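Remarks on the structure that follows.
The values are calculated or read from the model by the stated rules, or taken from the named source; none is laboratory data. The shown structure was predicted, so the numbers you read here are calculated from the model rather than taken from an experiment. Cβ: placed from backbone, ideal geometry, glycine included. Neighbour counts: every protein chain shown. Just so you know, the surface numbers come from the protein's heavy atoms only, side chains and all, with ligands and any DNA or RNA stripped out. Shrake-Rupley method; radii C 1.70, N 1.55, O 1.52, S 1.80 Å.
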Amino acid sequence: QVRLVESGGGLAQAGGSLRLSCAAHETSSSINVMGWYRQPPGKQRELVAAITYGGTTNYADSVKGRFIISRDNAKDTIDLQMNSLKPEDTAVYYCNLQIPITSTNYWGRGTQVTVSS
């Protein structure tokens, strides 16, 4: 069973930076897409950024130019560097791993990010 363990997050001021990390354990396939989703208070979960095993990235329009997702395949980890944070970035951030060939999704427990104005 795949386990995703998140770290990072916390409280930042607007304009500041935070870094999230996610480690995948017991992955069954290297052909996967890893990423970060977030769920603001009272809203639906949304994609923030994703990265394939080959390094292709995809970002939500709201974070382009501010957030950077990276991946270390040897360690099965991804990082999300969040810069120029805005209060609207406040949300619970979830690590996600998708295995396209089996249409399987795995989720971390989530980590809170709060940006004060």
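Select the strands (runs of 3 or more DSSP E) contained entirely in region 1-99, then report the ones holding at least 1 residues which are of a type in the set (A, V, I, L, M).
3-8, 10-13, 18-25, 33-39, 46-52, 67-72, 77-82, 91-99
Six or more apart or on different chains, Cβ under 8 Å: which pairs go from a residue in region 40-60 that's over 19 Å from Ser30 (Cβ atoms) to one that's open to solvent by 80 Å² or more (accessible area, probe 1.4 Å) and of a type in the set (D, E, K, R)? Could you list them?
Sorted first by the residue in region 40-60, then by its partner, the pairs are Pro40/Glu88.
Which one is surrounded by the most Cβ atoms within 10 Å (Cβ to Cβ) among residues in region 7-33 that are among the hydroxyl-bearing types (Ser, Thr, Tyr) and more than 13 Å from Asn73 (Cα to Cα)?
Ser21
So which of Ala12, Ala74 is free of Cβ contacts under 8 Å to residues at least 60 places away in the same chain and among the hydrophobic types (A, V, I, L, M, F, W, C)?
Just one listed residue meets the conditions, Ala74.
Could you list, in sequence order, all residues of region 9-22 that are at pLDDT 95 or above and not basic (Lys, Arg)?
The answer is Gly10, Leu11, Ala12, Gln13, Ala14, Gly15, Gly16, Ser17, Leu18, Leu20, Ser21, Cys22.
Here are the criteria: (1) open to solvent by less than 40 Å² (accessible area, probe 1.4 Å); (2) basic (Lys, Arg); (3) closer than 12 Å to Ala50 by Cα. Tell me which single one Arg66 does not satisfy.
Going through (1) open to solvent by less than 40 Å² (accessible area, probe 1.4 Å); (2) basic (Lys, Arg); (3) closer than 12 Å to Ala50 by Cα one by one, Arg66 breaks only (3).
Identify, by number, the condition in (1) aromatic (Phe, Trp, Tyr); (2) within 17 Å of Glu26 (Cα to Cα); (3) open to solvent by less than 60 Å² (accessible area, probe 1.4 Å) that Trp107 doesn't meet.
(3)
Taking Pro41 and the conditions (1) modelled with pLDDT under 95; (2) within 19 Å of Gln112 (Cβ to Cβ); (3) open to solvent by less than 80 Å² (accessible area, probe 1.4 Å), which numbered condition does it fall short on, given that it satisfies the others?
Unmet for Pro41, out of (1) modelled with pLDDT under 95; (2) within 19 Å of Gln112 (Cβ to Cβ); (3) open to solvent by less than 80 Å² (accessible area, probe 1.4 Å): (3).
Which condition number does Tyr94 fail, the rest of (1) open to solvent by 40 Å² or more (accessible area, probe 1.4 Å); (2) of a type in the set (Ser, Thr, Tyr); (3) closer than 18 Å to Arg19 by Cβ being met?
Of everything listed in (1) open to solvent by 40 Å² or more (accessible area, probe 1.4 Å); (2) of a type in the set (Ser, Thr, Tyr); (3) closer than 18 Å to Arg19 by Cβ, Tyr94 misses just condition (1).
I'd like the full set of residues that are β-branched (Val, Ile, Thr) and either open to solvent by less than 80 Å² (accessible area, probe 1.4 Å) or under 12 Å from the mean Cα position of the chain (by Cα) (or both), limited to region 44-63.
Those that are β-branched (Val, Ile, Thr) and either open to solvent by less than 80 Å² (accessible area, probe 1.4 Å) or under 12 Å from the mean Cα position of the chain (by Cα) (or both): Val48, Ile51, Thr52, Thr57, Val63.
For region 69-91, which positions are open to solvent by 40 Å² or more (accessible area, probe 1.4 Å), farther than 26 Å from Ser28 by Cα and of a type outside the set (D, E, K, R)?
Gln81, Asn83, Ser84, Pro87
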